[in-house]
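Visitor: Before anything else, here's the structure in question.
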Amino acid sequence: WDLDGHERLLLFAVFTFVTIWLVSWVVHGIDPVGSDDVGRILRLLLIVPAYLFMARVDGLERSWWTGLAAGCVISGVYAIGFAVAGQPGEWAERVGGATNPIYFGGVVLAFSLMLLPRIADRSLATPKRLVMAVAVTLGLTASALSGSRGAWLALAPLLILYLLTLGTRQTPLWRFGVPLAILLFVTLLSLLPGVPLGQRLVDAVGSFSSSAGEIEPADTLAIRWALWQLSLEQLRDACLFGLGPGGFRAALEQAVAQGSLPFWFLEYHHPHNQFLSALLIAGVPGLVALLLLFGIPLQRFVSLWRTGLERTRLVGWSGLAAISVLAVMASSESIFQRNSGIIWFALVVAAAHALVRVRQRSEIQSAASSRRHPLSVIMICRNEADRIGDALDSVAGWADEIIVLDSGSTDNTVEICRRYTE
């Protein structure tokens with residue numbers, strides 16, 4: 001019962017998404033397709049006990065950074081070995097790791113970007129920062145060799161965010177050098193022969209520029225476009241409450257039976273877009289719940305940059321990078337209708353939130369113990385609802401007490417202040 005507001009919001013987002021999905025399944029009919037997905041969706045509830053446990057265990061942060069670095073190094077070495085061997089695997093020249101190229105490439109890309117705070121951490125010795133740079137390089141290489149394109153759309157905005165957040169505490173050489181080095185490395189990597197990412201980017205341009213014709217099984221962009229068009233057609237009359245978990249599959253089977261799609265489209269069970277999946281399954285409530293599930297963790301990590309908790313912000317940026325990559329992946333993959341997507345989302349959300357909570361608690365206690373005198377923040381206000389929340393949020397967590405004297409506000413200033421005062 002001692003959860004704070006951020007923790008309650010996280011739990012609210014998780015339970016809301018799962019509940020809306022289950023209600024839609026029951027209302028629209030308990031069909032076999034929905035039954036198969038029940039176990040997957042319910043795994044999102046693992047975020048709750050995982051978070052509650054990790055948020056109460058100190059000392060996990062070192063394992064977090066070490067695990068991310070080890071994941072990048074192992075993935076990079078494995079992917080390079082696969083490419084050097086030259087033996088085609090299950091996905092031809094694309095590296096799939098222990099899962100498939102989409103999730104292998106997307107997750108290891110997330111790992112690489114999540115490690116950027118260690119490169120930006122001035123408290124680390126230079127050799128350690130260089131080791132982290134090597135790990136990031138190997139992770140980016142592994143992702144490029146997977147040929148997974150969708151997650152890479154998150155790279156540019158996250159590097160811009162690096163300039164505005166992590167980079168502001170660096171020398172100009174580090175601040176601008178790290179993003180520029182990553183962009184140059186990825187560009188050169190894409191141009192190397194035999195690297196699937198470059199060839200698949202060329203194929204994507206060709207797919208967009210080619211005229212309409214028969215869809216080939218290898219043209220994944222054309223397949224996705226056909227699946228998205230089919231989804232949008234179904235949503236014309238059902239956008240408000242959706243069609244239930246089995247609606248897309250039923251529409252796909254009907255399209256194949258009518259000859260508008262090739263028979264091999266029957267191997268697909270979702271539209272390869274989580275936002276469209278949410279609309280198809282539960283309509284507008286489903287999409288809103290999905291946006292909350294992504295948006296609430298993102299808002300939590302972004303809000304840390306308005307505080308003075310330096311170490312906490314570094315951990316939070318790592319969580320921000322992970323959720324951003326997964327959200328971008330969701331635009332071309334129904335990540336919650338695959339076990340890999342749900343498990344990785346649950347792990348990074350629970351762990352990042354928990355590590356932020358632990359580091360925040362430690363940093364506040366350390367700051368309080370190092371001060372000779374307690375710090376009180378006193379504010380006098382009236383009708384400041386549009387900005388007093390940001391003002392109080394900037395001192396919440398490190399001030400010993402916050403005292404607000406309201407002079408008769410007629411808006412919700414008082415309600416906002418009560419979130420930060422007792």
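Visitor: Using the Karplus curve 6.51 cos²θ - 1.76 cosθ + 1.60 with θ = phi - 60°, what ³J(HN,Hα) values do you get for each residue of the range 394-405, in whole Hz, with x for Gly and Pro?
Guide: 6, 10, 5, x, 10, 7, 5, 8, 10, 10, 10, 10
Visitor: Distances longer than 27 Å among the Cα atoms of the range 231-366: what percent of all pairs is that?
Guide: Tail of the P(r) past 27 Å holds 35 percent of the pairs.
Visitor: Label-point separation (nm) for ARG311 and VAL48, each offset 7 Å from Cα along Cα-to-Cβ?
Guide: Calculated label separation equals 3.1 nm.
Visitor: Considering only protein heavy atoms and a 1.4 Å probe, what is the carbon-and-sulfur percentage of the accessible area of the chain?
Guide: Heavy-atom surface of the chain belonging to carbon and sulfur, 1.4 Å probe: 64 percent.
Visitor: Keeping every protein chain present and rolling a 1.4 Å probe, give me the accessible area per residue for the chain in Å².
Guide: Values: 20450 Å² over 422 residues.
Heavy-atom accessible area per residue stands at 48 Å².
Visitor: What are the ³J(HN,Hα) couplings of the range 347-353, residue after residue, when phi is run through the Karplus curve with 6.51, -1.76, 1.60 and θ = phi - 60°? Round to Hz, x for glycine and proline.
Guide: Going residue by residue, I get 5, 6, 5, 5, 5, 5, 4 Hz, with x marking Gly and Pro.
Visitor: Just round it to a whole percent: the fraction of Cα-Cα distances in the range 82-205 exceeding 19 Å.
Guide: Roughly 48 percent, once rounded to a whole number.
Visitor: Return a whole-number percent for the relative contact order of the chain, with Cα pairs under 8 Å and 6 or more residues apart as the contact set.
Guide: Details: 575 pairs, mean separation 84.3, N = 422.
That works out to 20 percent.
Visitor: Once the convex hull of the alpha carbons of the range 310-350 is built, what does its volume come to per residue, in cubic angstrom?
Guide: Hull volume over Cα atoms, normalised by residue count, gives 46 Å³.
Visitor: Taking only Cα atoms and a 10 Å spring cutoff, compute GNM fluctuations for the chain and point out the largest among VAL178, VAL404, VAL26.
Guide: VAL404
Visitor: Please give the contour-minus-distance gain from ASP36 to GLN229: 0.36 nm per residue of separation, less the Cα-Cα distance, rounded to one decimal in nm.
Guide: 67.0 nm
Visitor: Spin-label point model (7 Å from Cα, Cβ direction): what's the LEU298 to LEU375 distance in nm?
Guide: Roughly 3.1 nm, to one decimal.
Visitor: Determine the gain in length on full extension of the stretch ILE343-ALA156; use 0.36 nm per residue of separation and subtract their C-alpha separation, reporting nm with one decimal.
Guide: Extra length available between ILE343 and ALA156 comes to 64.8 nm.
Visitor: Search the structure for amide H atoms under 5 Å from the amide H of SER409, placed 1.01 Å from N in the peptide plane, and list their residues when 5 or more places away or on another chain.
Guide: ASN383
Visitor: For a label point 7 Å from the Cα of ASP237 along Cα→C-beta, name the residues of the range 274-297 whose backbone N is under 19 Å from it.
Guide: Residues 279-284 fall inside that zone.
Visitor: Go ahead and run the numbers for FRET between LEU405 and TRP91, Cβ-Cβ distance against an R0 of 45 Å, rounding to 0.05.
Guide: So, using R0 = 45 Å, E works out to roughly 0.10.
Visitor: Cα atoms only: what Rg and Dmax, in Å, come out for the range 120-277?
Guide: When restricted to Cα atoms, the range 120-277 yields Rg and Dmax of 21.2, 65 Å.
Visitor: Turning to a different aspect of this structure: Relative to the first principal axis of the alpha-carbon coordinates of the chain, what is the inclination of helix 310-329, with its axis defined by its Cα atoms, in degrees from 0 to 90 and to the nearest 10?
Guide: Value to nearest ten degrees: 20.
Visitor: Quick one: which residues, 5 or more positions from ILE403 or on another chain, have an amide H under 5 Å from its amide H? H modelled 1.01 Å from N in the peptide plane, none for Pro or chain starts.
Guide: Close amide H contacts, sequence-distant or interchain: VAL377, ILE378, MET379.
Visitor: Just the number: Rg to Rh for the chain, Cα atoms, Kirkwood Rh, two decimals. Present the calculation step by step, with values, prior to reporting the outcome.
Guide: Numbers: Rg = 23.7 Å, Rh = 23.5 Å.
Rounded to two decimals, Rg over Rh is 1.01.
Visitor: Please report the Cα spread of the range 322-422 along all three principal axes, rounded to whole Å, starting with the longest.
Guide: The principal-axis extents, from largest down, are 53, 39, 18 Å.
Visitor: Assuming R0 = 25 Å, what is the FRET efficiency of LEU164 and LYS128, from their Cβ-Cβ distance, to the nearest 0.05?
Guide: 0.50
Visitor: Using the alpha-carbon atoms, what tilt in degrees (0 to 90, nearest 10) does helix 247-257 show relative to the longest principal axis of the chain?
Guide: 20
Visitor: Which translational diffusion coefficient, to the nearest whole µm²/s, is obtained for the range 1-119 from the Stokes-Einstein equation, given a Kirkwood hydrodynamic radius over C-alpha pairs, 10 °C and 1.306 mPa s?
Guide: Stokes-Einstein gives a translational diffusion coefficient of 89 µm²/s.
Visitor: How would ASP237, ASP400, ASP406, ASP386 line up by accessible area, probe 1.4 Å, largest first?
Guide: ASP237, ASP386, ASP400, ASP406
Visitor: Let me ask something additional. Could you list which residues have their amide H under 5 Å from that of GLY242, counting only those 5 or more apart in sequence or on another chain, with H placed in the peptide plane?
Guide: GLY283, VAL284
Visitor: Same structure again: Spelling out what I want: for every residue of the range 22-29, take phi, set θ = phi - 60°, compute 6.51 cos²θ - 1.76 cosθ + 1.60 (Karplus), and round to whole Hz; glycine and proline get x.
Guide: Each residue of the range 22-29 in turn: 5, 4, 4, 4, 6, 5, 8, x Hz.
Visitor: Further question: How much accessible area does THR19 have with a 1.4 Å probe, in Å² rounded to the nearest 10?
Guide: The accessible area of THR19 comes to roughly 70 Å².
Visitor: Hey, what number do you get for the chain at 222 nm if only DSSP H runs of n ≥ 4 count, each worth -39500 (n - 2.57), divided across all residues, to the nearest 500? Walk me through the numbers on the way to the answer.
Guide: Numbers: 17 runs with 272 residues, N = 422.
Value at 222 nm, helices only: -21500 deg cm²/dmol.
The values are calculated or read from the model by the stated rules, or taken from the named source; none is laboratory data. Not measured: the values here are computed from a predicted model. As a convention, Cβ positions derive from the backbone with ideal geometry for all residues, glycine included, and neighbour counts pool all protein chains shown. Side chains are part of the model used for accessible areas, which takes the heavy atoms of the whole protein and leaves out ligands, DNA and RNA. Shrake-Rupley method; radii C 1.70, N 1.55, O 1.52, S 1.80 Å.
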